[in-house]
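Peer 1: The following block contains the structure, expressed as structure tokens.
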Amino acid sequence: MAADLLAVGLGNPGAEYAGTRHNVGADVVALLAARHGEKLKRGKERSLVAEARLDGKRLALAVPQTYMNDSGMAVRALVRRYDIDDLHRLVIVHDELDFEPGRLQVKVGGGLAGHNGLKSIVAHLKSDDFVRVRIGVGKPPRKEVGADHVLTRPAKKVRQELEIVVQEAADAVETILTDGPAVAMNRFNTLAT
């Protein structure tokens with residue numbers, strides 16, 4: 001059965017990655033499931049999945065259980081399962097190194113900024129025309145420590161900023177479902193000053 005919107009939160013599977021910067025996308029989708037009284041359960045598409053209803057619309061939620069670099073395999077299967085024929089009905093929630101912690105941006109299409117999860121999704125879907133909810137996690141002190149930066153748990157101050165922006169990102173996904181990406185961009189991108 002088709003979903004009105006498929007929201008996929010990127011991250012890496014396993015307890016060792018829980019709470020890391022790279023997993024903020026997965027945290028948003030887990031929060032959305034909890035908000036609507038649902039539990040993410042293992043699905044056939046190498047993902048944890050749940051479904052919720054909001055204003056009569058069907059929201060499919062998924063967290064790939066592949067590693068970040070292989071996210072596209074799961075996303076392609078999820079797009080098929082939920083009959084997403086218009087990629088504006090696909091929202092990818094992910095960490096963004098180019099934004100300071102706590103900044104949020106909703107965007108349709110565009111560059112990949114070196115994000116391996118997005119590269120994999122574009123390679124598998126043959127398009128970058130999906131909606132993104134980008135969550136700032138801050139730049140590493142030096143470029144060569146990018147992977148270490150996103151795979152570590154942030155210090156308390158940054159963690160608190162991320163907890164707030166995870167809530168805002170969940171609100172943004174709900175707004176995309178009910179009012180569309182343009183309304184979400186107007187509402188949430190103005191917060192990101």
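Peer 1: For R58, what residues show an amide H to amide H distance below 5 Å, using hydrogens built from the backbone and excluding near sequence neighbours?
Peer 2: Sorted by chain and number, the residues that satisfy this are D4, L5.
Peer 1: Considering only lysines 8 or more places apart in sequence, or on different chains, count the pairs in the chain whose C-alpha atoms sit under 29 Å apart.
Peer 2: Lysine pairs meeting both conditions in the chain amount to 29.
Peer 1: Now for a different question. Tell me, what ³J(HN,Hα) does each residue in the range 40-55 have, in order and in whole Hz, if you take phi through Karplus 6.51 cos²θ - 1.76 cosθ + 1.60 with θ = phi - 60° and put x for Gly and Pro?
Peer 2: Result, ordered by residue: 6, 10, 5, x, 6, 8, 6, 8, 8, 10, 7, 10, 9, 10, 9, 6 Hz.
Peer 1: How much net charge surrounds T178 when only other residues with a Cβ under 10 Å from its Cβ are counted (Lys, Arg +1; Asp, Glu -1)?
Peer 2: Once all neighbours under 10 Å are counted, the net charge is -3.
Peer 1: Quick one: net charge of G136's neighbours, Cβ under 12 Å, K/R +1, D/E -1?
Peer 2: Computed value for this residue: -2.
Peer 1: Something else about it: Is the range 5-189 best put as rounded, prolate or oblate by its Cα gyration tensor, with a ≥ b ≥ c the root eigenvalues, rounded for a/c under 1.5, and otherwise prolate when a/b is larger than b/c, oblate when not?
Peer 2: rounded
Peer 1: May I pose another question? If the label point is 7 Å along Cα→Cβ of V183, which residues in the range 41-65 have backbone nitrogen under 20 Å from it?
Peer 2: 52-61
Peer 1: A further question follows. Express in nm, to one decimal, how much length is gained between A18 and T152 on full extension, taking 0.36 nm for each residue of separation and deducting their alpha carbon distance.
Peer 2: Stretched fully, the A18-T152 segment lengthens by 47.3 nm.
Peer 1: For every helix of n ≥ 4 consecutive DSSP H residues, a contribution of -39,500 (n - 2.57) applies; sum these over the chain, divide by its total residues, and give [θ] at 222 nm rounded to the nearest 500 deg cm²/dmol.
Peer 2: Taken over the chain, the calculation gives -11500 deg cm²/dmol.
Peer 1: Ordered by packing density, taken as the mean number of other Cβ atoms within 10 Å over each peptide's residues, highest first, how do 169-179, 51-61 rank?
Peer 2: 169-179, 51-61
Peer 1: Quick check: pseudo-label points 7 Å beyond the Cα along Cα→Cβ at I164 and R53, how many nm apart are they?
Peer 2: Here the modelled spin labels are 3.6 nm apart.
Peer 1: Oh, and also: May I ask what percent, to the nearest 5, of DSSP beta bridges between residues of the chain are antiparallel?
Peer 2: Of the beta bridges lying entirely in the chain, close to 50 percent run antiparallel.
Peer 1: Rank V137, V158, V166 by mean-square fluctuation in a GNM of the chain with C-alpha springs under 10 angstrom and give only the top-ranked residue.
Peer 2: V158
Read the figures in this text as sums done on the coordinates, not as results from a lab. The model shown is predicted, which means the values in this text are computed figures rather than measured ones. Note: ideal-geometry Cβ built from the backbone for every residue, glycine included; neighbour counts use all protein chains shown.
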